[in-house]
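Here the structure comes first, spelled out in structure tokens, and everything after it is commentary.
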Amino acid sequence: MSAERRLQRERLALRGALLRLTPPLETIAEDVLGVVSRIDLVARDPDGAVSVVLVAQAGEDLPRLAEGLAQRAWLAPRLPDWNQLAPPLALAAERGVRLLLVAPRFDDRARAAAEALGPDQVRLAELLPRGDLDVELRLLEPGPAVPPTQPPSPSPRRETGFRTGLRD
Amino acid sequence: MARELADVLHHFLGDPLSGERLGPASLALLSEPEDAFAVAVAWNLAHELARQGLAVAWVTALADEELLPPDATPGLTRLLAPAQDLSGLSRAVSEASAKLAASPAPGLVLVRVPPGWIAPGPAAGRVLAWTLQLVGPDLEPRGRAISIARRVLAACATARLGAVVHEVRSVREAERAFTALARECAERSEGRLASYGVLLDDAELYRSLIARRPLALLRPEARAARAVADVASLLRSDFACDVG
């Protein structure tokens, strides 16, 4: 498979995974030049709420989280302009911009930061490969933030609460 | 230069645990031999875990499982073991673990264990270290699950107990059922129970069995397929936490 073909397939895979989220996220822009660097994807949910989607490699989630917050701040005031340019998008500019950070795994500090900001500001999603060129996203549910002085969290198998990435 | 999505995606496609080398572990799905739903779940879970990057060995000791096609998913291997008891299963699990040890991907042995085979002894420590039950929401299946949990802990005091809720119509209903089950389990001092999510639309899993195709391939858009993937994700996540 050519590099170009593979690139197209990988982008399609992530866009497809976004569409399978609940609620689904429809990609409206790719590779957007934001503040200093580029935004991987910009997406909207069925209500018009906008998300900046950044993909981080393993170990890069914390700096990418900071970068994503900067891109949120950059994009939010531009949404009214985007609505004028493309009224059919019906972007809910008044709801601001959420960051969806996608990574194969997350540092406890990134989780704690996301928890502190709240799910309306930042959501984290684990990227799971499905076969050769397909991917799946698993949204991490909000939970108590991990204080910096707390010892490593116990094994999730010891949790007694109900867990699922699904929603009704 | 602009950062391209493809520049980062390909680094972890096919490398879900970032190159960590994890030792093979085993997961025992506790279910009656004639439980076709459990066969469907075990088969679909094995495929899903393999799709998520694990090297999975499915030890099948029960005749009905031998009818299923073995090669629908790369990364999934089958080991047919004519075991008659937990000791036989333990030998098969060890053999499967040895095979997985050569794999570059982290390995997990999945085995279905009839509750009637649960017995104390060295095999219990090998096979029952991590167990999973499929539990309905009503009082009777919850009571049965607690009874089985008690027997597991009597055979292997350090066993981890996990449950997946099914026969429910919604996530909310599943949460209520699991909360009740976990509370009852704790009240009867049967250890702490870990949640591994919910299976929805059980009929879809039966259909995959009849069609002899994993749900992820047969109907990837179905709610049931997403639920199986979610259960597999939770298992994989705990597997990585414990062994990594």
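The values are calculated or read from the model by the stated rules, or taken from the named source; none is laboratory data. Just so you know, these numbers come straight off a predicted model, no measurement behind them. Cβ placement follows ideal geometry from the backbone for every residue including glycine, while neighbour counts extend to all protein chains displayed.
Would you say B:L108 is touching a residue at least 12 places away in the same chain (Cβ under 8 Å), part of a helix (DSSP H, G or I) and surrounded by 22 or more Cβ atoms within 10 Å (Cβ to Cβ)? Break it down into steps so the answer makes sense when it comes.
Working: touching a residue at least 12 places away in the same chain (Cβ under 8 Å): yes; part of a helix (DSSP H, G or I): no; surrounded by 22 or more Cβ atoms within 10 Å (Cβ to Cβ): yes.
When the stated conditions are applied, B:L108 does not pass them.
Quick check on my filter: what residues within segment B:120-137 are more than 14 Å from every other protein chain (Cβ to nearest Cβ) and among the β-branched types (V, I, T)?
B:V127
Only one of (1) more than 20 Å from B:D138 (Cβ to Cβ); (2) more than 8 Å from chain A (Cβ to nearest Cβ); (3) at pLDDT below 90 fails for B:V228. Which number is that?
For B:V228, the exception is condition (3).
Take segment B:209-237 and flag every residue that is under 16 Å from B:V164 (Cβ atoms) and touching a Phe, Trp or Tyr at 6+ places or on another chain (Cβ under 8 Å).
First pass over segment B:209-237, keeping only residues under 16 Å from B:V164 (Cβ atoms): B:215, B:223-237.
Residues satisfying the conditions are B:V231, B:L234, B:L235.
Quick grid of which residues meet (1) more than 14 Å from chain A (Cβ to nearest Cβ); (2) touching a Pro at 6+ places or on another chain (Cβ under 7 Å):
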residue: B:I148; (1), (2): yes, yes
residue: B:L153; (1), (2): yes, no
residue: B:R160; (1), (2): no, no
residue: B:E184; (1), (2): no, no
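Residues checked against (1) without any contact (Cβ under 8 Å) to a residue 24 or more places away in the chain; (2) loosely packed, with under 14 Cβ neighbours inside 10 Å; (3) not charged (D, E, K, R):
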site	(1), (2), (3)
A:R20	no, no, no
A:I39	no, no, yes
A:V52	no, no, yes
A:E60	no, no, no
A:L69	no, no, yes
A:P80	yes, yes, yes
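Which helices (runs of 4 or more DSSP H) sit wholly inside segment B:124-230 and have at least 3 residues that are without any contact (Cβ under 8 Å) to a residue 40 or more places away in the chain? Break it down into steps so the answer makes sense when it comes.
On the way: elements: B:139-155, B:171-187, B:202-211, B:215-218.
Qualifying helices (runs of 4 or more DSSP H): B:139-155, B:171-187, B:202-211.
If I filter segment B:195-216 down to residues being surrounded by fewer than 24 Cβ atoms within 10 Å (Cβ to Cβ) and over 12 Å from B:V41 (Cβ atoms), which single residue comes out as nearest to the other protein chains (Cβ to nearest Cβ)?
Among those residues, the one meeting the criterion is B:D201.
Being among the charged types (D, E, K, R) and either buried (at least 20 other Cβ atoms within 10 Å of the Cβ) or modelled with pLDDT of 85 or more (or both) is true for just one of B:E66, B:E48. Which residue is that? Give the steps one after another, and end with the answer.
On the way: B:E66 fails: either buried (at least 20 other Cβ atoms within 10 Å of the Cβ) or modelled with pLDDT of 85 or more (or both).
That would be B:E48, the only listed residue that is among the charged types (D, E, K, R) and either buried (at least 20 other Cβ atoms within 10 Å of the Cβ) or modelled with pLDDT of 85 or more (or both).
Under the condition of being among the polar types (S, T, N, Q) and at the interface with another protein chain (Cβ under 10 Å from one of its Cβ atoms), which residue from segment A:10-66 is nearest to A:P87 (Cα to Cα)?
Filtering segment A:10-66 for residues that are among the polar types (S, T, N, Q) and at the interface with another protein chain (Cβ under 10 Å from one of its Cβ atoms), the one nearest to A:P87 (Cα to Cα) comes out as A:T22.
Would a scan of segment B:112-119 turn up a residue that is touching a Leu at 6+ places or on another chain (Cβ under 8 Å), in contact (Cβ under 8 Å) with a residue 40 or more places away in the chain, closer than 24 Å to B:S208 by Cβ and buried (at least 22 other Cβ atoms within 10 Å of the Cβ)?
Scanning segment B:112-119 turns up at least one residue that is touching a Leu at 6+ places or on another chain (Cβ under 8 Å), in contact (Cβ under 8 Å) with a residue 40 or more places away in the chain, closer than 24 Å to B:S208 by Cβ and buried (at least 22 other Cβ atoms within 10 Å of the Cβ).
Of the residues A:L117, A:L127, A:L101, only one is more than 9 Å from every other protein chain (Cβ to nearest Cβ), under 12 Å from the mean Cα position of the chain (by Cα) and at pLDDT 80 or above; which?
Details: A:L117 fails: under 12 Å from the mean Cα position of the chain (by Cα); A:L127 fails: more than 9 Å from every other protein chain (Cβ to nearest Cβ).
Sole residue among the options that is more than 9 Å from every other protein chain (Cβ to nearest Cβ), under 12 Å from the mean Cα position of the chain (by Cα) and at pLDDT 80 or above: A:L101.
Scan segment B:125-147 residue by residue and report those that are surrounded by 19 or more Cβ atoms within 10 Å (Cβ to Cβ) and either within 13 Å of the chain's Cα centre (by Cα) or hydrophobic (A, V, I, L, M, F, W, C) (or both). Spell out how you get there, then give the answer.
Initially, segment B:125-147 is screened for residues surrounded by 19 or more Cβ atoms within 10 Å (Cβ to Cβ), giving B:126-128, B:130-135, B:137, B:142, B:145-146.
Those that are surrounded by 19 or more Cβ atoms within 10 Å (Cβ to Cβ) and either within 13 Å of the chain's Cα centre (by Cα) or hydrophobic (A, V, I, L, M, F, W, C) (or both): B:V127, B:L128, B:W130, B:T131, B:L132, B:Q133, B:L134, B:V135, B:A145, B:I146.
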